[in-house]
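Please treat every number below as a calculation from the coordinates, not as lab data. Note that the structure is predicted; figures quoted are calculated from it, not measured. As a convention, Cβ positions derive from the backbone with ideal geometry for all residues, glycine included, and neighbour counts pool all protein chains shown.
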Amino acid sequence: MTATSTQVGRFRFDRASGRWWWSDHMFLIHGVQPGDVVPTSELLLTHVQRHDRAEVREVLDRSVDERDPHACHYRLVDMSGATHRVVLAAACDGDGGVSGFLVDFTAAHDALLAERVNAELKLALESHAAIDQAKGILMLTYGVDEDAAFGILKQSSQRHNVRLREVAGRVVQAVAVGLGSMTRELLDETLCRTSVQQPPPTRCRHLDVQTVCGGDESIVRVSGSVDLSNRDELADAITLTMLGALDTGRVTVDLRGVGRIGPAVVDVLTAALRRSTAQGITLTIVGGGGPGGAPAPASTHRSSISSRS
């Protein structure tokens, strides 16, 4: 007989006579009708899975002489071959015997497991839908392919230890009012809270980076638009220029050709500043956009970020 709900069986072992008494539910848990068999220690242990027998035997032996209860959980195989998950508890009852109970929680365990599986499946389906939606938004906004869009989401998730579906949810929420002229900037700002360190190698046709090395200063000139889809190109250019300027110790990043200094640019420059500090290089930043994204005069928007080790 297979239990369909939680069952509790009771038992008692009389030490003087060596006899066992089982309640009706003890018989039913073991898959037999009450009175069909004579309960014994050997019968009880026979229905315990082999790997659990030593622990069950120890609990029963200790219960003979100790009033403190002892318990264990094990897998019970009934007469039909079905496996049950049970808990056995026993203690010396002070009348020359051992009393205890056996709880079959198989049905409750299976129901809980099914509930967890269903919940995980539902969450997986919801996450998949959100991720697909976020990828579509990034593809449309940044003009990248599906792999590149997924790379932006995945690397953002890994860098900040944020679940992928949470990053996707932020992207979807950021454009909940619809796509528009400011969508790219809005997504940059949103994702820079969990911005990717090494985004996919997808180049944007609106970004141009040129490096000029010579004299006592190396210059990185940037023009176009910088966002999460192409910031790696800018970061690599600055890194390589700093490596080549270890002798002179001076690097200038000219951003006067960049229409807007958004979060993606700030993130790249912040990382570059940390590297310049470690390498003993003076890093100077020039530029910034004027009203409407038009380049402003260098004298008005010149700023410096410098460090020495």
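Tallying residues that are out of contact with any helix residue (DSSP H, G or I) (no Cβ under 8 Å at 6 or more places or on another chain) and within 26 Å of Q155 (Cβ to Cβ) within region 244-265 yields 1.
Of everything in region 210-245, what is touching a residue at least 24 places away in the same chain (Cβ under 8 Å), more than 18 Å from G280 (Cα to Cα) and of a type in the set (D, E)? Give them in sequence order. Scanning region 210-245 gives D227, D232, E233.
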